[in-house]
Amino acid sequence: MLLHQEFIKNAKKFGAKPAIIDRFLEKNVSYDKALIAALILAGKFRKYHDGFIGIMVPTSAGCMLTVLGVLLAGKVPVMINYSTGAAGNAEYAQKKCGFKTIIASRALLEKIGCRLVPGMVFLEDIMAGIGAVDKVGALVKSKLPLPLLLKSVHQGEPDDNLVILFTSGSEKDPKAVQLTHRNIGSNVLDIGRVLTVTSADVMLANLPLFHVFGHNVDFWLPLLYGMTIVSYANPLEYKKICSIVREEKVTLMVGTPSFFAGYLRQSDPGDFASLRVAVAGADKTPDSLRAGFLQKHGLELCEGYGTTETSPVVATNLPGANKPGSVGKVLPGVRVKIVDINSGEALPPGSEGKILVKGDLVMKGYFDDLEETSLRIKDGWYETGDMGVLDEEGFLWHRGRLKRFVKIGGEMVSLVRVESVMLDLLPEGVDCCVVEVPDSLKGARIVAALTGEVNERKLLKAMAAELPAISLPRQFVVLGEFPKMGSGKIDFRTITEMVRQKLQP
């Protein structure tokens, strides 16, 4: 399955049906107009010699059509993170993948104060340069019989790269992940099957397309099922997002727990009445957030799990098939096994170990990094770097990153577990992030970073009822608001550096 060709089939099938309702620009793009626009852009992009083309455009009709245009032109989109350090990320991507051209948004660069990077071409200028000849040519081409139209655009193979996405870099430098048509396509079909999606569904798309969660679930999933996408570029405008969900009668919505927490605070009863499925991922979903949505909206907020390298969805809870605290049942086309962290031997259900994933969803590999690829993929099994438990019913329980386990006094302590207990005890509005800092006597000690002041003695006493003494934080540091990645995930790497700097004598 070639995804850009599947889009063409749906464009011919659904015609005048809205493909993208862009609520930022207040523009509606039908399937047939989306096809014409993508064909026009493909013609513009063919003149660039690079096999890769960078894209730095906010979530919008423009961004989605640019991705389609790049693919129809026979090139591979490289999605660039513009949320923090945009110029540096653009140059890093150019150097890593060996290309020059970046399709960027002038409005975005002005808004975030990003300097011009050599090789940047503005989408606004490309659109302004589209003339009558371009439009008529694309219109005529779009009316060709389907077999002829498919032959007139880039062909390719299922194992060709569909997109290059970068890992978050929350722990170390980002890696360039090669995801193929087969990778994303297989995951889309699996997600669609378990969510029982149809062309009647309406998907909210407010996650950035440089993040795999947004690129698959907010973009390819709805396009390949003939849904209508409702896009909005800023997931942090909580009140606006709630209004859009109500006004557009959105039925499917995904996001990070931090985004959903904002929507819960800013929403009114009835805002989410049209939603039939809401899934949180990319971070641990607190019990209080699930309870809040159930109480205020009667909505069962489900939790899922995935990684950039797995396209991304490995498992998800569903309404009616939900084990709160777990990350859900493993998708039907995916294999998961739990292995011992030392021996690598497979463990029985109920045992905690490293999570390994196998299936068509597993990436081709890291671009130009054979060593790292061979370390992470062995015999088709991708080592996620996460710890977890698979129960007898096939539900996966995520215990946190292996790197977020710390050995203290010979015992392995889960920082995620410490955070989970602490979150339930903190006053409303105070968040926590537990980090490890070096200790000359014990090798390491646990420090809790907080966004506000707390009664430390009272908190530790309450935590001691659920955790062994070795797991209790030895110090508390108030940082104010936590830095986050563009996806909404907490930036553990930066927080750890901030804590260590603050504790320096």
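Could you pull out the residue among Ser258, Ser326, Ser267 that is touching a Cys at 6+ places or on another chain (Cβ under 7 Å), surrounded by 15 or more Cβ atoms within 10 Å (Cβ to Cβ) and of a type in the set (S, T, N, Q)? Reasoning before the result, please.
Details: Ser258 fails: touching a Cys at 6+ places or on another chain (Cβ under 7 Å); Ser326 fails: touching a Cys at 6+ places or on another chain (Cβ under 7 Å).
So the residue among Ser258, Ser326, Ser267 that is touching a Cys at 6+ places or on another chain (Cβ under 7 Å), surrounded by 15 or more Cβ atoms within 10 Å (Cβ to Cβ) and of a type in the set (S, T, N, Q) is Ser267.
From the list Leu144, Leu148, exactly one residue is without any contact (Cβ under 8 Å) to a residue 12 or more places away in the chain and assigned to a loop (DSSP other than H, G, I, E, B). Which is it?
Values: Leu148 fails: assigned to a loop (DSSP other than H, G, I, E, B).
Checking each option against the conditions leaves just Leu144.
Conditions tested, residue by residue: (1) in a strand (DSSP E or B); (2) surrounded by fewer than 16 Cβ atoms within 10 Å (Cβ to Cβ); (3) of a type outside the set (S, T, N, Q); (4) touching a helix residue (DSSP H, G or I) at 6+ places or on another chain (Cβ under 8 Å).
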site	(1), (2), (3), (4)
Asp271	no, no, yes, yes
Lys284	no, no, yes, yes
Cys302	yes, no, yes, no
Pro332	no, yes, yes, yes
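Can you tell me which residue among Ile191, Ile229 is in the same structural domain as Tyr31 (by TED's automatic domain parsing), within 26 Å of Leu71 (Cβ to Cβ) and not polar (S, T, N, Q)? Talk me through it step by step, then tell me what you get.
On the way: Ile229 fails: in the same structural domain as Tyr31 (by TED's automatic domain parsing).
Result: Ile191 is the single residue among Ile191, Ile229 that is in the same structural domain as Tyr31 (by TED's automatic domain parsing), within 26 Å of Leu71 (Cβ to Cβ) and not polar (S, T, N, Q).
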List the number of the failed condition for Ile341; all other conditions in (1) surrounded by fewer than 21 Cβ atoms within 10 Å (Cβ to Cβ); (2) part of a strand (DSSP E or B); (3) of a type in the set (Val, Ile, Thr) hold. (2)
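With respect to Pro324, determine if the residue is in contact (Cβ under 8 Å) with a residue 60 or more places away in the chain and more than 20 Å from the chain's Cα centre (by Cα).
Numbers: in contact (Cβ under 8 Å) with a residue 60 or more places away in the chain: no; more than 20 Å from the chain's Cα centre (by Cα): yes.
Criteria not met by Pro324.
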Residues of segment 440-469 being touching a residue at least 24 places away in the same chain (Cβ under 8 Å), touching a strand residue (DSSP E or B) at 6+ places or on another chain (Cβ under 7 Å), surrounded by fewer than 16 Cβ atoms within 10 Å (Cβ to Cβ) and of a type in the set (D, E, K, R), in sequence order, are Lys442, Glu453
Considering only segment 9-47, how many residues are without any contact (Cβ under 8 Å) to a residue 60 or more places away in the chain and of a type in the set (Lys, Arg)? 4
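State all residues of segment 127-141 that are part of a helix (DSSP H, G or I) and surrounded by fewer than 17 Cβ atoms within 10 Å (Cβ to Cβ); if no residue qualifies, say none. Step through it out loud before you land on a result.
Restricting attention to segment 127-141, the residues satisfying the condition of being part of a helix (DSSP H, G or I) are 127-128, 132-141.
Hits for segment 127-141 are Met127, Ala128, Ala132, Val133, Asp134, Lys135, Val136, Gly137, Leu139, Val140.
Quick one: would you say Ser288 is under 19 Å from Trp397 (Cα atoms) and either among the aromatic types (Phe, Trp, Tyr) or out of contact with any Gly (no Cβ under 7 Å at 6 or more places or on another chain) (or both)? Give the steps one after another, and end with the answer.
On the way: under 19 Å from Trp397 (Cα atoms): yes; either among the aromatic types (Phe, Trp, Tyr) or out of contact with any Gly (no Cβ under 7 Å at 6 or more places or on another chain) (or both): yes.
Yes; evaluated as a whole, the condition is true for this residue.
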I'd like to know if segment 230-240 contains one or more residues that are among the hydrophobic types (A, V, I, L, M, F, W, C) and modelled with pLDDT under 95. yes
Considering residues of segment 112-126 that are in a helix (DSSP H, G or I) and either modelled with pLDDT of 95 or more or in contact with a Pro (Cβ under 9 Å, 6 or more places away or on another chain) (or both) only, the residue surrounded by the most Cβ atoms within 10 Å (Cβ to Cβ): Leu123
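Every residue in segment 82-106 that is out of contact with any Leu (no Cβ under 9 Å at 6 or more places or on another chain) and part of a helix (DSSP H, G or I), please. Outline the logic, then answer.
Of all residues in segment 82-106, those out of contact with any Leu (no Cβ under 9 Å at 6 or more places or on another chain) come to 83-85, 88-102.
Within segment 82-106, Gly88, Asn89, Ala90, Glu91, Tyr92, Ala93, Gln94, Lys95, Lys96, Cys97 qualify.
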Looking only at segment 405-416, and only at residues there that are touching a strand residue (DSSP E or B) at 6+ places or on another chain (Cβ under 7 Å) and outside any strand (DSSP E or B), the one that is modelled with the lowest pLDDT: Val416
Here are some conditions: (1) modelled with pLDDT of 95 or more; (2) in contact with a strand residue (DSSP E or B) (Cβ under 6 Å, 6 or more places away or on another chain); (3) closer than 30 Å to Ala261 by Cα; (4) not aromatic (Phe, Trp, Tyr). Leu361 meets all but one. Which one does it not meet? (2)
Look through segment 65-101, keep the residues that are touching a Pro at 6+ places or on another chain (Cβ under 9 Å), among the β-branched types (Val, Ile, Thr) and buried (at least 24 other Cβ atoms within 10 Å of the Cβ), and return whichever of them is farthest from Ala138 (Cα to Cα). Val67
So if I check each of Ala90, Ala61, Ala73, which one is aliphatic (A, V, I, L, M), out of contact with any Lys or Arg (no Cβ under 8 Å at 6 or more places or on another chain) and more than 15 Å from Leu179 (Cα to Cα)? Ala90
Counted residues, segment 24-64 - those being touching an Asp or Glu at 6+ places or on another chain (Cβ under 7 Å) and within 17 Å of Gly137 (Cα to Cα): 2
Segment 238-269 - residue that is in contact with a helix residue (DSSP H, G or I) (Cβ under 9 Å, 6 or more places away or on another chain) and part of a loop (DSSP other than H, G, I, E, B) and, of those, nearest to Glu303 (Cα to Cα): Thr256
Strands (runs of 3 or more DSSP E) contained in segment 1-81 and holding at least 2 residues touching a Phe, Trp or Tyr at 6+ places or on another chain (Cβ under 9 Å), more than 20 Å from Ile184 (Cβ to Cβ) and not β-branched (Val, Ile, Thr): 18-22
Quick check: is even one residue across segment 210-227 touching a helix residue (DSSP H, G or I) at 6+ places or on another chain (Cβ under 8 Å) and acidic (Asp, Glu)? no
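The values are calculated or read from the model by the stated rules, or taken from the named source; none is laboratory data. Note that the structure is predicted; figures quoted are calculated from it, not measured. Neighbour counts run over all protein chains shown; Cβ positions are idealised from the backbone, glycine included.
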